[in-house]
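**Student:** The structure follows.
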Amino acid sequence: MSMGSPVVSLGTDVDVETLRGHLRHADPGVLVAVLAQMTGDPSVIARYATTIDHVPDPPERAGTTDPETADALVEDIVAALGKPRPDGAVAADDRDLFVRLLPIALGSEVDDEQVDLLLEQGGFRPSAPTLPRTTPIPSTTTMAIIGAGIAGIAVALAAAEEGVKFQIFDRNDEVGGTWLTTTYPGIGVDTPSAYYSLSREVNPNWSNYYPQGAEYQAYLVALADKHDLRRHIRFGTEVEALWWDDQRQQWQIHSRSADGTVSFDYASVVVTAAGYLNRPRFPDVKGRETFSGASVHSARWDPTLDLAGKRVAVIGAGCTAVQIVDACVDDVEHLTVFQRQPHWVAPRRRLSDEVPEHRRYLGRVLPFYAMWHRLKSYWGTADNNYPVILQDPEWSQTHLSISAANDVLLQMCLEYIDRTFGAGSELARKVTPDFAPYGKRIIRDPGGYYAALTRDHVDVEASEPAEVNADGIITADGRQIDLDVIIYATGYHLDFLSTIDIRGRDGKTLAQEWGNSPRAYRGGAVPGFPNLFITSAPNYSPGHGAGANFSMEVLAHYIVECLQLMALRGATTMEVTQQAFDAYVAGIDEAMQRTVWCHTPKAHTYYRSESGRVVVATPYRLVDVWQQHRSPAEEDFVLR
């Protein structure tokens, strides 16, 4: 399937000199790719490729060229805008052309196995069907989607394209999931904004390289409005139970509305898109309920809470705590940060996170430009990072890091600590972890976290509170710290659907099946639970790069392919076999043994369940996950 060849007319809202000015600030490697796709003329590559060098521009690489070449490239693009593509022009998403453009735009060579994935991730080509469409998915197929965040939206759009009837259930009153409900000060996206979107809906207008949560929430709202999803959503409706009805060959959906009304619905397919971090977790500390001041969990922020001039404690040292401290340090009278265990914190790599105007302007005006920047953002944070999480047994015997690649990150973080706090200082000691980077999720400093910890009115306690009383917190060494506000940035319970009563064939419950060690086959499938797909499935979250948007788009494609397989075989149900399930989980566990998460026992991470098994991250490369979910392996299923 070839993409269209957009022609942009220089109308009254586009001033040519303004366009030229913005083009002169743009990455010439990206501009060469844009020009080649606009014109369909591969000779552009020979004309410009050898004139472009690449320099580090973390986490990407930036193209550079001499002023004369840059001016010529600008004029070629201006001339191409508004002109029709000539007869015989190469298609904009032609694979051979794309392969030749990749190293020019991305600044590095790309293995061929990555090419088709990159075509999708850049938004240049939609996810292509893998099974024949000779038999349509029956019109009687109905899908229930639990959750209206990015996962639910991605699945809904994929279902709509195939003509599958669907309904979304969401307990909130608006789309957005966590970006709607979590509103603590400083909340932001820690995946680059240029990439953290759906590949079919690239947004050129991000104001920040790592936007605040409200801006991302607005993006999801815009998607729902653009694609008319609201008429398919039952807001204010919490799904409490999913029971398989073998006689009807459907799932019975038990839900409760905001006014308490209980409803029962049926769907032939259920997709859970509710995530696994939903219930706030508080620390097990004595006296928590006795505090006379204001207490709040970051996940349930009180918008009326005013921190100005207050004595505040933040309990936690993860991403949420980092963002809150960075956001409120200038407002509070005094701040005490309690950290059970420090995280590795990477420095902000740009002086400012504000997206330059030329990027936003060209993203709106220039065909393919925003798509290439999306792809560059993905490429800089994806499988290029994979070696960082793999253990080198010989290296790890004599280093805190687990490999030479992992050590590069460790040294960068150590240098940031020494630069900020002073090598060997007490604060440096407090914030330095004793495990390899990525043992816990790496944190990106939003700009002022480490600097905040050095302020005169900020203290760091390298322990959890020993006790909470009416006046504040008693420290581990017995000191009383009087407080006005306690903020619990202590994360969530790891809920792989544990809050929903899910019963499969013969009344078998998912809670019984999983116990304290959730496991799943591709697509979140579990034996005994037909036609159930789990988007935030065990061992499905990218641990070394990309973001949830990647895994959700991949899974949306896979779910549709599963429905297509049922249609081709005249089946109404599909259920993974126990043998395939066991083999797949065993493969994950074996691959996991080579990763950082199995070689950092000192790291307290939510990636592990109570059983000790790593249940959140996938041990595979992103391209492997993508390939695994191109189409269902028919031999792994019972189709009825």
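**Student:** Every residue in region 133-159 that is out of contact with any His (no Cβ under 7 Å at 6 or more places or on another chain) and closer than 13 Å to Leu229 by Cα, please. First the steps, then the outcome.
**Tutor:** At the first step, the residues of region 133-159 found to be out of contact with any His (no Cβ under 7 Å at 6 or more places or on another chain) are 133-155, 159.
Result: Ile145, Gly147, Ala148, Gly149, Ile150, Gly152, Ile153, Ala154, Val155, Ala159.
**Student:** Additional query: Identify the residue in region 173-202 that is under 13 Å from Ser377 (Cα atoms) and at pLDDT below 95 and, among all such residues, is farthest from the chain's Cα centre (by Cα).
**Tutor:** So the residue we want is Ala194.
**Student:** Mind checking which residues of region 403-412 are under 16 Å from His343 (Cα atoms) and in contact with a strand residue (DSSP E or B) (Cβ under 9 Å, 6 or more places away or on another chain)? Reasoning before the result, please.
**Tutor:** Residues of region 403-412 that are under 16 Å from His343 (Cα atoms), as a first pass: 406-407, 409-412.
Scanning region 403-412 gives Asn406, Leu409, Met412.
**Student:** So which of Thr535, Thr573 ends up being closer than 21 Å to Pro129 by Cα and either of a type outside the set (S, T, N, Q) or buried (at least 23 other Cβ atoms within 10 Å of the Cβ) (or both)?
**Tutor:** Numbers: Thr573 fails: either of a type outside the set (S, T, N, Q) or buried (at least 23 other Cβ atoms within 10 Å of the Cβ) (or both).
Going through Thr535, Thr573 in turn, the sole match is Thr535.
**Student:** A follow-up question, please. Every residue in region 444-497 that is out of contact with any strand residue (DSSP E or B) (no Cβ under 9 Å at 6 or more places or on another chain) and among the small types (Gly, Ala, Ser), please.
**Tutor:** Gly447, Gly448, Ala451, Ala470, Gly478
**Student:** A further question on this structure: I'd like the full set of residues that are without any contact (Cβ under 8 Å) to a residue 60 or more places away in the chain and of a type in the set (A, V, I, L, M), limited to region 291-312.
**Tutor:** Result: Ala308, single match.
Rundown of residues vs (1) out of contact with any Asp or Glu (no Cβ under 7 Å at 6 or more places or on another chain); (2) more than 28 Å from Asn205 (Cβ to Cβ), yes/no style:
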{"site": "Val314", "(1), (2)": "yes, yes"}
{"site": "Cys319", "(1), (2)": "no, no"}
{"site": "Arg364", "(1), (2)": "yes, no"}
{"site": "Leu390", "(1), (2)": "yes, yes"}
{"site": "Ser403", "(1), (2)": "no, yes"}
{"site": "Val408", "(1), (2)": "yes, yes"}
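**Student:** So, restricting to strands (runs of 3 or more DSSP E) that lie completely within region 485-597, which ones have at least 3 residues that are modelled with pLDDT under 95?
**Tutor:** 492-494
**Student:** Anything in region 558-605 that is among the acidic types (Asp, Glu) and in contact with a strand residue (DSSP E or B) (Cβ under 7 Å, 6 or more places away or on another chain)? List them, or say none.
**Tutor:** Glu575
**Student:** Out of the residues in region 145-172 meeting the condition of being under 22 Å from the mean Cα position of the chain (by Cα) and of a type in the set (D, E, K, R), tell me which one is surrounded by the fewest Cβ atoms within 10 Å (Cβ to Cβ).
**Tutor:** Here the residue is Arg171.
**Student:** Any residue in region 473-488 that is without any contact (Cβ under 8 Å) to a residue 60 or more places away in the chain sitting within a Cβ distance under 6 Å of a residue that is buried (at least 22 other Cβ atoms within 10 Å of the Cβ) and assigned to a strand (DSSP E or B)? List the pairs, counting only those 6 or more apart or interchain.
**Tutor:** none
Here is a yes/no grid of residues against (1) of a type in the set (D, E, K, R); (2) assigned by TED's automatic domain parsing to the domain that holds Asp331; (3) under 30 Å from the mean Cα position of the chain (by Cα):
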| residue | (1), (2), (3) |
| --- | --- |
| Gly448 | no, yes, yes |
| Asp459 | yes, yes, no |
| Ala476 | no, yes, no |
| Asp482 | yes, yes, no |
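**Student:** Considering only region 323-358, state which residues are among the hydroxyl-bearing types (Ser, Thr, Tyr) and out of contact with any strand residue (DSSP E or B) (no Cβ under 6 Å at 6 or more places or on another chain).
**Tutor:** Ser352
**Student:** When you scan region 169-209, how many residues do you find that are in a helix (DSSP H, G or I) and under 18 Å from Gly491 (Cβ atoms)?
**Tutor:** 3
Listed here are the residues, each with its yes/no results for (1) modelled with pLDDT under 95; (2) over 25 Å from Asn549 (Cα atoms); (3) out of contact with any helix residue (DSSP H, G or I) (no Cβ under 8 Å at 6 or more places or on another chain).
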{"residue": "Glu68", "(1), (2), (3)": "no, yes, yes"}
{"residue": "Ile77", "(1), (2), (3)": "no, yes, no"}
{"residue": "Arg100", "(1), (2), (3)": "no, yes, no"}
{"residue": "Asp116", "(1), (2), (3)": "no, no, no"}
{"residue": "Gln121", "(1), (2), (3)": "no, no, no"}
{"residue": "Thr135", "(1), (2), (3)": "no, yes, no"}
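**Student:** If we keep just the residues of region 246-258 that are under 33 Å from the mean Cα position of the chain (by Cα) and of a type outside the set (Ser, Thr, Tyr), which is modelled with the lowest pLDDT?
**Tutor:** Ala258
**Student:** Just to be sure I understand the filter: pairs with C-beta atoms under 9 Å, separated by 6 or more residues or on different chains, first member in region 279-290 and among the hydroxyl-bearing types (Ser, Thr, Tyr), second member assigned to a loop (DSSP other than H, G, I, E, B). Which pairs pass?
**Tutor:** Note: pairs meeting the criteria are Thr290/Asn469; Thr290/Ala470.
**Student:** I need the full set of residues from region 244-279 which are of a type outside the set (S, T, N, Q), assigned to a strand (DSSP E or B) and surrounded by fewer than 16 Cβ atoms within 10 Å (Cβ to Cβ), in order please. Let's see the steps before the verdict.
**Tutor:** If we filter region 244-279 for residues that are of a type outside the set (S, T, N, Q), which is where we start, we get 244-246, 248, 251, 253-254, 256, 258-260, 262, 264-267, 269-271, 273-277, 279.
Adding the requirement that they be assigned to a strand (DSSP E or B) leaves 244-245, 251, 253-254, 256, 262, 264-267, 269-271, 277, 279.
Listed by number, the residues that qualify are Asp245, Val262, Phe264, Tyr266, Arg279.
The values are calculated or read from the model by the stated rules, or taken from the named source; none is laboratory data. Computed from a predicted structure; not experimentally measured. Using ideal geometry, Cβ is built from the backbone for each residue, glycine included, and neighbour counts are taken over all protein chains shown.
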